[in-house]
Amino acid sequence: MVLLLRNHEIRGLMDISDYIDAVEAGYREFGAGAGAAFPRKNLWIRGEQSDTYGGHLPAGSKASFKFKAGLLPGLSGAGVNAYTAGLPGGLETYMFLFDTDSGALAAIMEVMYLSWLKTTAVSALATRYLAPPDSTVLALFGSGRHARSQLYGLIKVADIQRVQTYSRNAAKRRAFCQRMSAELGIEVAPVDSPQAALRDADIVTTITTSAEPVFTGADLPGKPLHINGLGAHYPWVREVDTHTVVNSRVFVDVLRQGISENGEIVIPMEEGRIDESHVVGDLGALVAGAAPARLADTKWTLFLSGGTGVDDVAVATGLYQRALERRVGTEFEFNQPYEFEL
């Protein structure tokens with residue numbers, strides 16, 4: 001039997017702490033060498049670009065079809081996440097999860113909801129390992145739905161007392177801060193400039209649709225801090241500038257994917273400012289203990305993520321098990337009897 005799980009059924013199966021734990025388990029297996037990941041591939045759909053996605057698309061393309069995959073046999077899961085982006089219907093994304101013990105297709109899932117919380121789980125996990133101890137002040141760039149979930153994730157791994165939020169739309173920024181202050185019971189303050197957002201920050205998180213750096217690295221506080229760059233994953237776009245990358249201890253989610261698709265890495269390499277060795281390791285190496293987090297002389301750490309098959313499969317296997325336990329979803333059958341007859 002195959003289990004069909006829709007977004008509204010996935011909601012509530014796991015809380016944010018469960019998502020963080022699932023992602024940690026997945027990256028620990030990957031970092032130990034037992035898991036595998038197939039990097040995201042983009043197939044470009046030709047056509048006229050919209051204003052919304054233009055900065056993220058190559059010339060002559062209006063949208064893309066994407067897919068990535070992961071294998072985590074320790075969690076009994078393997079899967080492919082396939083989706084379209086940039087078309088009028090919005091993001092359409094689905095997960096095909098296989099059971100690596102039996103080989104059977106276990107589930108087909110809508111991915112929008114789980115991806116929303118999975119994204120914050122990944123950055124929260126990196127923050128748990130990389131942020132300076134006693135971090136309390138967060139600079140947040142972005143005020144959309146992903147910025148909201150980022151706050152819920154980060155307060156699970158750091159004692160955040162104040163959030164300084166900057167985004168380009170002042171009205172949206174104010175409304176976001178009012179809502180989040182009420183929901184979280186901490187100070188979430190709108191600020192009028194990137195410089196104000198960065199003042200005294202211990203953690204910086206960027207989760208925007210910008211194709212260009214959202215702050216100037218020279219404005220970062222000259223003290224130990226951690227930065228999460230999450231909004232961009234094409235080689236020609238970036239949220240974090242070269243100065244920040246050059247002066248940071250850099251980690252990515254999956255090494256080969258991160259080095260090839262993050263503009264934060266690709267652009268400084270093209271400028272001759274860094275080479276691939278500047279990336280210390282990936283999240284798997286960090287969680288598995290193969291790559292030290294902060295060294296004695298580390299000032300800034302930087303984590304870059306665009307989502308991988310590892311975190312897709314790690315979260316999907318957890319959700320699948322919870323759905324079975326709670327009898328959520330719709331079961332149906334493939335592999336009906338047939339004959340090889342014309």
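The values are calculated or read from the model by the stated rules, or taken from the named source; none is laboratory data. These figures come from a predicted structure and were not determined experimentally. Cβ sites come from the backbone with ideal geometry, for glycine too, and all protein chains shown count toward neighbours.
Identification of strands (runs of 3 or more DSSP E) wholly contained in segment 1-85 with 2 or more residues that are more than 20 Å from residue 100 (Cβ to Cβ), of a type outside the set (A, V, I, L, M) and not assigned by TED's automatic domain parsing to the domain that holds residue 280 yields 36-46, 61-72, 77-85. Inspection of segment 266-280 finds a residue satisfying the criterion of being touching a helix residue (DSSP H, G or I) at 6+ places or on another chain (Cβ under 9 Å) and part of a strand (DSSP E or B).
With respect to the conditions (1) outside the structural domain of residue 13 (by TED's automatic domain parsing); (2) closer than 29 Å to residue 290 by Cα; (3) outside any loop (DSSP other than H, G, I, E, B); (4) not basic (Lys, Arg), residue 98 falls short on a single one, namely (1). Residue count for segment 280-322, restricted to those that are closer than 28 Å to residue 83 by Cα, surrounded by fewer than 23 Cβ atoms within 10 Å (Cβ to Cβ) and β-branched (Val, Ile, Thr): 0.
If the condition is being crowded, with 18+ Cβ neighbours inside 10 Å, touching a residue at least 40 places away in the same chain (Cβ under 8 Å) and in a loop (DSSP other than H, G, I, E, B), then segment 211-250 contributes 211, 214, 215, 220, 230, 231, 232, 233, 234, 237, 239, 240. Among the residues of segment 77-121, those that are more than 18 Å from the chain's Cα centre (by Cα) and surrounded by fewer than 17 Cβ atoms within 10 Å (Cβ to Cβ) comprise 87, 88, 89, 90, 99, 101, 102, 103, 104, 105. Screening residue 164 on (1) free of Cβ contacts under 8 Å to residues at least 24 places away in the same chain; (2) crowded, with 22+ Cβ neighbours inside 10 Å; (3) not aliphatic (A, V, I, L, M) shows it passes everything except condition (1).
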